[in-house]
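Data block below; observations after.
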Amino acid sequence: KFNRSFLAKILFAIGAIEKEKYDIGLEELRKAAILAGDEKAAMLQVLSIKADIHYRMKNYDLSFDTFNEALKIDGDDLTVLNNYAYFLAEQNRRLKEAESMAKKVIDKEKENATFLDTYAWVLFKRGKVREAVKIMEKIFSTSEKENAEWFEHYGYMLKKQKKYKEAIDSWKKAIDLDEKKINLLKEIENCRK
């Protein structure tokens, strides 16, 4: 019944991603792309999810090529720009370009904490630590929710500023919010030395 449903294919792909069944996710996205036809918004969604899958599979070049394909459809899509900038920063690639993308996003969405975090992370990766810290402090002072990723990023920024105790506290908070962040235990131990 749902074999011709674009939404069903997208939801199935997202479910497959969560189960780390990336090949299944890609196959569902292939079908969703066919169903999307000429609908630009639908195709943009397919490409955005596809880029995420390739990134998770560590196919970074393929992920970035897919983001570029998405930007050809809509060069102003904030989610695509944000995710692309973040993934570039994570791989320490084309950081100047990543900064430009992230800046474009926050110029349009000045209060979006997720977008601000990406911008701060890109700035940090570019060595602009003080600017990045200011943005993170703005996030913490204005956001009603807490996010493990924010505390993780902030910890790295504080460590760079040699504020080791504060970095440890930030990483502990990240672990409290997301127990999967056990990789931070090694960072905490290194800071204690």
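The values are calculated or read from the model by the stated rules, or taken from the named source; none is laboratory data. In this text the structure is predicted, and so the values were computed from the model without any measurement. Here the Cβ positions follow ideal geometry from the backbone for every residue, glycine too, while neighbour counts run over all protein chains shown. Quick note on the areas: whole protein, heavy atoms, side chains included, nothing else; ligands and nucleic acids left out. Shrake-Rupley method; radii C 1.70, N 1.55, O 1.52, S 1.80 Å.
Observations on the model:
- So residue 174, is it under 18 Å from the mean Cα position of the chain (by Cα), surrounded by 17 or more Cβ atoms within 10 Å (Cβ to Cβ), in contact (Cβ under 8 Å) with a residue 12 or more places away in the chain and more than 25 Å from residue 93 (Cα to Cα): yes
- Residue ID - surrounded by the fewest Cβ atoms within 10 Å (Cβ to Cβ), chosen from residues in the stretch 1-22 that are modelled with pLDDT of 90 or more and among the basic types (Lys, Arg): 19
- Residue list for the stretch 23-48, restricted to those being of a type outside the set (A, V, I, L, M, F, W, C), farther than 19 Å from residue 74 by Cα and open to solvent by 40 Å² or more (accessible area, probe 1.4 Å): 23, 27, 30, 31
- Cβ pairs under 6 Å, 6+ apart, first in the stretch 48-65 and closer than 12 Å to residue 88 by Cα, second part of a loop (DSSP other than H, G, I, E, B): 60/91
- Verdict on residue 117 being in a helix (DSSP H, G or I), in contact with an Asp or Glu (Cβ under 9 Å, 6 or more places away or on another chain) and either open to solvent by less than 70 Å² (accessible area, probe 1.4 Å) or among the aliphatic types (A, V, I, L, M) (or both): yes
- Residues in the stretch 60-92 that are assigned to a helix (DSSP H, G or I) and more than 20 Å from residue 149 (Cβ to Cβ): 61, 62, 64, 65, 66, 68, 69, 70, 71, 72, 73.
- Residue count for the stretch 1-30, restricted to those that are over 21 Å from residue 55 (Cβ atoms) and in a helix (DSSP H, G or I): 3.
- Boolean, residue 103 is over 30 Å from residue 159 (Cβ atoms) and in a helix (DSSP H, G or I): no
- If you filter the stretch 136-171 down to residues that are of a type in the set (Lys, Arg) and crowded, with 16+ Cβ neighbours inside 10 Å, you find that the one that is farthest from the chain's Cα centre (by Cα) is 163.
- When the stretch 146-171 is filtered for residues that are in contact (Cβ under 8 Å) with a residue 12 or more places away in the chain and either outside any helix (DSSP H, G or I) or closer than 16 Å to residue 102 by Cβ (or both), the ones remaining, listed by number, are 146, 147, 149, 150, 153, 157, 161.
- In this structure, residue 108 does not qualify as under 18 Å from residue 185 (Cβ atoms), at pLDDT 95 or above and not hydroxyl-bearing (Ser, Thr, Tyr).
- When residue 63 is tested against the conditions (1) open to solvent by 10 Å² or more (accessible area, probe 1.4 Å); (2) over 16 Å from residue 121 (Cβ atoms), the lone failure is (1).
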